Every structure is written in C-alpha cells, then in structure tokens.
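Just below is one structure, and these are the notes that go with it.
The values are calculated or read from the model by the stated rules, or taken from the named source; none is laboratory data. In this text the structure is predicted, and so the values were computed from the model without any measurement. Counting neighbours? That spans all protein chains shown, and the Cβs are built from the backbone with ideal geometry, glycine included.
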Amino acid sequence: MPQTSDEGLEALIEIARSGNAHAQYKLGCIYLNRGLEPTNMQKCIDWLTRSSEQNFDSAQYKLALCYYDGKGVEQDFATALKWFRRAADQGHQSAMYYVGRLYARGEGVASDTLEAKKWIDQAIAIETENKELTPYQKQLNANATAIVRRQAEGGDPYAQYFLGLIYEEGKYAEKDLNQAAEWFAKAAAQGHRKAQEHLDKIKK
C-alpha cells in the first residue's frame with residue numbers, strides 16, 4: 001500500500017533525524033514551501049541549519065536566502081554572506097552571484113567592488129571565448145550590471161568604478177569605452193584613484 005504524504009513526511013523526518021544532510025535539506029524546503037507561518041518557518045530554519053552545518057551547499061544557499069530576505073529569521077546580511085560564502089566556496093554558482101552582490105552593495109560587509117567582481121566573474125564562469133552562455137548565465141550578466149548600475153547612479157564611487165570596468169572589459173555588457181570613460185570620470189571626481197588610472201589609459 002503506497003504511503004500517504006503524511007507517512008512519507010514522517011519517514012523523511014526519521015531519516016533527517018539520523019543525520020542525513022540531504023533529507024534535512026529536503027525537509028527545510030518542504031516547510032519553506034508551506035508558507036511563512038511561524039511554526040513552519042521555525043522548522044524550515046532548523047532543518048536547513050542542521051544540513052548547512054554538515055556543509056551541504058544547497059542548504060547553505062537556501063538558508064542564506066532566508067537570512068537575506070528575512071524569512072523565518074531577522075534579516076541579517078552578515079549571516080547571509082557567511083552561508084552564501086560557504087556554499088560559494090564549494091562551487092555553488094548562485095551563491096557566488098549573491099556573494100558578489102553583497103560586496104557590490106556593501107550589505108553585511110564593507111563595499112568592495114573588486115571582491116564583488118571576482119565572485120560575479122566566477123558565477124558567470126566564462127571559461128573560453130567560444131563558450132556559449134546558458135540562459136541562466138545571461139540572466140546573471142543582466143542582474144550583475146543592473147545591480148551595479150543602481151548603485152553607480154546613486155553616486156557610489158566604487159560602483160561607478162565597477163560599472164566602468166564592466167564597459168571597459170565587455171564581460172557583463174557590450175564593450176563601450178565611451179561609457180567606461182564616463183563612469184570612470186564620475187568615480188575619479190570623487191577621489192577614486194584606480195578609476196582615474198583607467199580613465200587616463202582610455203584617453204591615451
């Protein structure tokens with residue numbers, strides 16, 4: 001006789017209690033998908049944390065999202081970064097993107113555009129000039145540029161410098177040295193030394 005969904009859940013709980021990280025992750029997702037009712041979210045965070053502490057990267061990523069969005073826990077960018085980083089260190093592509101995003105925005109950590117660029121570069125993972133980007137990677141390109149542009153338009157010199165790099169290198173957007181020079185000039189006007197160096201190089 002096939003198990004009912006409740007019986008199936010009880011079986012999964014028993015496996016999770018035995019210490020199986022994948023089962024703990026699946027339970028966390030089940031409770032997350034049931035909605036934001038406090039009891040469900042408490043169970044979600046508990047199981048995702050157990051799985052994450054066993055270095056299960058998908059659980060680390062999902063737990064980080066909860067902290068990033070404030071779902072089931074107080075919004076905490078620093079804790080989100082910790083778990084995104086642990087997943088990213090294992091090669092989790094989406095986690096790499098979020099690590100870059102947090103560094104670009106200065107959320108939970110001091111703003112660092114070079115560190116942001118490093119992680120988003122890894123997320124995009126362009127290994128050769130001839131490699132075709134997947135639709136997912138193309139979306140990461142668009143997201144990365146949009147995030148940095150919002151910060152740059154708000155007057156952040158680090159983001160302006162990063163946006164200049166994007167247009168100078170042509171990785172996240174079509175190469176455009178005029179746009180690069182414009183953003184480098186804005187950052188340089190606020191005292192960003194490396195932006196001035198890149199601007200001088202373009203002018204030559």
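List pairs: first residue in region 159-178 and without any contact (Cβ under 8 Å) to a residue 24 or more places away in the chain, second residue of a type in the set (A, V, I, L, M) and buried (at least 20 other Cβ atoms within 10 Å of the Cβ) anywhere in the structure, Cβ distance under 7 angstrom, at least six positions apart or on different chains. Final answer for the pair search is L163/V148; L163/A152; I166/V148; Y167/A180.
Looking at region 34-122, what helices (runs of 4 or more DSSP H) fall wholly within it and have at least 3 residues that are farther than 30 Å from L165 by Cβ? Passing ranges, in order: 38-53, 57-69.
All of Y172, Y161, Y136, Y167 fail the test of being closer than 22 Å to M96 by Cα, among the aromatic types (F, W, Y), part of a helix (DSSP H, G or I) and modelled with pLDDT under 80, apart from Y136. Put simply, of A23, A88, A16, A11 the only residue that is of a type outside the set (S, T, Y) and closer than 27 Å to W119 by Cβ is A88.
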